[in-house]
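The values are calculated or read from the model by the stated rules, or taken from the named source; none is laboratory data. All of these numbers come straight from a predicted model, not from anything done at the bench. Note: ideal-geometry Cβ built from the backbone for every residue, glycine included; neighbour counts use all protein chains shown.
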Amino acid sequence: MKPRLISFKLCPFVQRAAIVLQYKNVEYDIDYVDLANPPEWFLKLSPLKKVPLLLVENHVIFESTAINEYIDEAYPNKLHPSNLVLRAHNRSWIEFGNVCTWSAFHLSVKEKEEDFNNALDDLLNKFDQIEKAIGGTPFFNGSEFSLVDASYAPLFQRLKYLDELKPGILDEKRHLRINIWKENLLTLNAVQQSCVPEIKALYHELLWKRQGFISQFLDKTKFERPVAKGIY
């Protein structure tokens, strides 16, 4: 029986699980829910009332880290390092990626330029720490793709979209290793197949709805009047 991934089209945390499933060539089904108007069956299944969920037989697995750990253990070609210390090191940087993902969210909602710049400084300071931790190229640990890579790829994808609107968010001089890592990840087939084809347009639409400082750099003719802000 194929696992079933419950998703929201713009959620970076769901995309992490989809990347691992894609990279391991696991056949799976996917259902998309509208988190602004979630169906009753979803609310009954999800203890936290959020995505991602992975349905496996009669079990519901939630939280992207737990989901990816299960996928890695359940299917061949392990993505976690075999060395216990390196594995724990990877888990630590996955958790750090959660914090960075929320920092990127703040970039999309801060309404004043000063607040946007402060949020950007906070993210870049976090990236200073990642820059020192990267083990080499093309991936976080070096030559082997890992669960750390799957965790950061959705973040880099969204930061690339923001950088296209307001260049300077991705500082190649300050974070050379991160930018090389980013480009390697975003060209992977598993990453490109982990999201809906219209992901960039949907993300732009979400930025417009949030009406943060960054939204002024969008093509205003493509959007209607903003509605309630989303959470992803």
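Before moving on, here are some points about what is shown:
- Residue in the range 99-106 that is outside the structural domain of A18 (by TED's automatic domain parsing) and outside any helix (DSSP H, G or I) present: no
- Against the conditions (1) modelled with pLDDT of 95 or more; (2) surrounded by 18 or more Cβ atoms within 10 Å (Cβ to Cβ); (3) not polar (S, T, N, Q), V196 satisfies every one except (2).
- Selection of the range 5-26 for residues being among the polar types (S, T, N, Q) and farther than 17 Å from V56 by Cα yields only Q15.
- In this structure, L123 does not qualify as at pLDDT below 95 and surrounded by 16 or more Cβ atoms within 10 Å (Cβ to Cβ).
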